[in-house]
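Read the structure below first, then the notes.
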Amino acid sequence: MPVQVKKHHPALKHAGYAATGILPGENSAEFEKLHRDLIAELGPNGALENDVVATMARLVWRKKNLETFRIAELARSRYAQIMRERVPEDKIDYPEHTFGTVIEKVDPAVREAAIRAAVDQARKELGDAYGLVEIGEIASVDQLMKGLEVQDRLDAMIDKCLKRLLFLRGLKSISSASTSAPRERLAGPSKAA
């Protein structure tokens, strides 16, 4: 019996999709333009500033494209409806006159063929939105909120490290300024007087 491997959208294998990133059906060229415009406007310098601007680009993009989540929800709903309509389920019946259970098993080959037909129908019907079905719950407001919470915690930790770094640099600059300043002689009678 062959082992079935569930196929995932290619970007999922590489963590290419996140709720704050570009989702299927969105225009990556528009996102890149937005990112370049923010770079031109804000002029980041260094890795941390570039990261801040990249984060801003993803957040502005998501704000402008919140409609994608509604489309994803509708696509997932339609996909589920197609599956319910086309894919036969095993039936379990509990007749009132007996204490036994009647189970009707669906032939696995028939079920597999029905799944393939349902997926084909969903792909045709949903078009580009089918990509949102493939990536699953990633394209949902709940996942967006979870992702933003994690991002917020990471940003807070980075901010804490930056504050500590700036504090230490401040201490070092005070220390080096006090050791490199010339020491004045104690005021006393001058020989020239």
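The values are calculated or read from the model by the stated rules, or taken from the named source; none is laboratory data. Everything quoted here is computed from the prediction, not taken from an experiment. Neighbour counts run over all protein chains shown; Cβ positions are idealised from the backbone, glycine included.
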If we scan the range 132-147, do we find a residue that is among the aliphatic types (A, V, I, L, M), within 24 Å of A47 (Cβ to Cβ) and assigned to a helix (DSSP H, G or I)? no
Quickly run through the range 78-106 and pick out the residues that are modelled with pLDDT of 95 or more and hydroxyl-bearing (S, T, Y). Y79
Search the range 69-83 for residues that are surrounded by fewer than 17 Cβ atoms within 10 Å (Cβ to Cβ) and pair each with any residue that is at pLDDT 95 or above and of a type in the set (A, V, I, L, M, F, W, C) when their beta-carbon atoms are under 6 Å apart and the residues are at least 6 apart or on different chains. M83/A118
Sort out which residues of the range 27-54 are in a helix (DSSP H, G or I), closer than 22 Å to L154 by Cβ and not hydrophobic (A, V, I, L, M, F, W, C), and write them in order of number. H35, E49, N50, D51
Can you name every residue in the range 43-68 that is farther than 26 Å from L132 by Cα and either in contact (Cβ under 8 Å) with a residue 12 or more places away in the chain or of a type in the set (G, A, S) (or both)? G43, G46, A47, L48, V53
Scan the range 52-82 for residues that are closer than 27 Å to A113 by Cβ and of a type in the set (G, A, S) and report the count. 3
